[in-house]
Amino acid sequence: VSLSDIRGKYVYIDCWATWCVPCKGEIPHLKKLEETFRGMNIAFVSISCDRDKAKWEAMVKEMELTGIQLWGDEDNEFLRKYRVQGIPRFIFIGPDGRIVNPDMTRPSDPKTIEALGMVAMPME
């Protein structure tokens, strides 16, 4: 999966890990965002920085995580290229592939639903 696969949509990226307590606290809020904006021009991508792929896979299944779920592997090129130093980290990318906000608000922040609502449009 690459950003070019979802070009033309806004992309809300969640950088997280199974061992990160604040990351796990955002999961219910992220699920609510995904439900609210289902069928709209926004894609939700979660990139794990876990080293243990089996643990990540188990949590994705157990928590019934939706959106595009990616395991960044040991190298995690995305986190390196986007200079993600800490998690949870949220990045918002525009339909043209450019970064709109490199430090987007968390799913639990009411400003997030407001910001996404300003750009959300039904997909045809």
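The values are calculated or read from the model by the stated rules, or taken from the named source; none is laboratory data. As the structure is a prediction and not an experimental result, all values here were calculated from the model. When we count neighbours, we look across all protein chains shown, and the Cβ atoms used for this are built from the backbone with ideal geometry, even at glycine. Only protein heavy atoms, including side chains, enter the accessible area calculation; ligands, DNA and RNA are left aside. Shrake-Rupley method; radii C 1.70, N 1.55, O 1.52, S 1.80 Å.
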### Summary
Computed over the chain: longest principal axis from alpha-carbon atoms vs helix 53-62 long axis, angle to nearest 10 degrees, is 50 degrees
## Note on the structure
For the GLU114, ALA54 Cβ pair and Förster radius 35 Å, calculated FRET efficiency rounded to 0.05 is 0.40
### Task
Apply 1/(1 + (r/R0)^6) to the Cβ-Cβ distance of GLN85 and VAL21, taking R0 = 22 Å, and write down the FRET efficiency to the nearest 0.05.
0.80
### Query
In the chain, what percentage of the DSSP-assigned beta bridges are antiparallel, given to the nearest 5?
40 percent
### Message
Give me the 1.4 Å probe accessible area per residue for the chain, excluding ligands and nucleic acids, in Å².
### Response
59 Å²
### Query
With contacts defined as alpha carbon pairs under 8 Å and 6 or more residues apart, what's the relative contact order of the chain in percent?
35 percent
## Note on the structure
Computed, not fitted: 222 nm per-residue ellipticity of the chain from DSSP H runs ≥ 4 (each -39500 (n - 2.57)), nearest 500, equal to -10000 deg cm²/dmol
### Message
Over 10 Å intervals from 0, what percent of Cα-Cα pairs in the chain sits in each interval?
### Response
13, 49, 34, 5
#### Entry: Rg over Rh [alpha-carbon atoms, Kirkwood Rh] for the range 1-59
1.00
### Query
Counting only protein heavy atoms and using a 1.4 Å probe, what share of the accessible area of the range 28-124 belongs to carbon plus sulfur, as a whole percent?
52 percent
### Summary
Expected vector for the range 90-100, Karplus 3J(HN,Hα) from phi with 6.51, -1.76, 1.60 and θ = phi - 60°, integer Hz, x for Gly and Pro, equals 10, 10, 10, 10, x, x, 8, x, 8, 6, 8
### Query
How do 109-121, 16-28 rank on mean C-beta neighbours within 10 Å, highest first?
16-28, 109-121
### Query
For LYS61 and GLU35 in the same chain, what is the full-extension length gain: residue separation times 0.36 nm, less their Cα-Cα distance, in nm?
7.6 nm
